[in-house]
Amino acid sequence: MRYARLPKGHRTPRASISTKGEKYRNYFQLLIDELREKHHFTGAKAGQPQNWYSFSSGISGITYGANFSQGGKARTEVYIDLGDQDKNKQVFDLLQQEATLIENELGHNVAWERLNDKRASRLALYINGNINDSDAELETVKNWHIDKLLKLKKHLGSRLKKAVKSA
């Protein structure tokens, strides 16, 4: 069977996205639009049909993330993957030495996830949240993601740079 060639400028339709994928795309679109327009946090423009979104920290190999993880939890994180497991663990350990101060500044307990069996490490904040929650509940999660992303950047930005230089 031969397929007809489309006229110039026409594209084939995108593969269909699941209902859940569409929910993720809509959620992250609202999140990044507010972060970009109101807080100048990112230049990102398009939400994706996935359960996570990563934002540049300004340091290659370190990102800020907003995602939905297993077990009905929403997570905001600093993800450390400089491409070298030893360096990642050194950066993580330097930050963890200031755990009490960092947690006080963030106003939230931090899950210090060294991930010894993996190359990367992360600092994570969790709340209850699922993409299938009501619109009102998702609005609460979105506001929480925004608040925590802004706090991570404010309170960890210079610490991250210092830790990377020291590692």
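The values are calculated or read from the model by the stated rules, or taken from the named source; none is laboratory data. Bear in mind that the values here come from a model prediction, so they are computed numbers and not experimental data. For neighbour counting, all protein chains shown are included, and Cβ atoms are generated from backbone atoms with ideal geometry for every residue, glycine included. For accessibility, only protein heavy atoms count, side chains too; no ligands or nucleic acids. Shrake-Rupley method; radii C 1.70, N 1.55, O 1.52, S 1.80 Å.
There is no residue in segment 121-129 that is farther than 18 Å from VAL164 by Cβ, at pLDDT 95 or above and either charged (D, E, K, R) or out of contact with any strand residue (DSSP E or B) (no Cβ under 7 Å at 6 or more places or on another chain) (or both). With respect to the stated conditions, ALA99 is within 16 Å of HIS155 (Cβ to Cβ), surrounded by fewer than 15 Cβ atoms within 10 Å (Cβ to Cβ) and of a type in the set (A, V, I, L, M, F, W, C). Among the residues of segment 22-43, the ones that are of a type in the set (Lys, Arg) and under 12 Å from ILE131 (Cβ atoms) come to 2 in all.
Here's the yes/no breakdown for (1) surrounded by 16 or more Cβ atoms within 10 Å (Cβ to Cβ); (2) more than 14 Å from the chain's Cα centre (by Cα); (3) of a type outside the set (Phe, Trp, Tyr):
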position: ASN26; (1), (2), (3): no, yes, yes
position: LEU35; (1), (2), (3): yes, no, yes
position: HIS40; (1), (2), (3): no, yes, yes
position: GLY47; (1), (2), (3): yes, no, yes
position: GLN50; (1), (2), (3): no, no, yes
position: SER57; (1), (2), (3): yes, no, yes
position: GLY61; (1), (2), (3): yes, no, yes
position: ASN67; (1), (2), (3): yes, no, yes
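Just one of (1) under 16 Å from the mean Cα position of the chain (by Cα); (2) touching a residue at least 60 places away in the same chain (Cβ under 8 Å); (3) open to solvent by less than 30 Å² (accessible area, probe 1.4 Å) fails for ALA163. It is (1).
Specify which of the listed residues (ALA167, ALA111) is of a type in the set (Gly, Ala, Ser) and at pLDDT below 95. None of the others qualify; the one that does is ALA167. Is it fair to say TYR79 is open to solvent by less than 10 Å² (accessible area, probe 1.4 Å) and part of a strand (DSSP E or B)? When the stated conditions are applied, TYR79 does not pass them. Scan (1) touching a residue at least 12 places away in the same chain (Cβ under 8 Å); (2) within 28 Å of GLU22 (Cβ to Cβ); (3) part of a helix (DSSP H, G or I) for the single condition ASN143 breaks and write down its number. Among (1) touching a residue at least 12 places away in the same chain (Cβ under 8 Å); (2) within 28 Å of GLU22 (Cβ to Cβ); (3) part of a helix (DSSP H, G or I), the lone unmet condition for ASN143 is (1). If you filter segment 102-154 down to residues that are hydroxyl-bearing (Ser, Thr, Tyr) and under 18 Å from the mean Cα position of the chain (by Cα), you find that the one that is least open to solvent (accessible area, probe 1.4 Å) is SER121.
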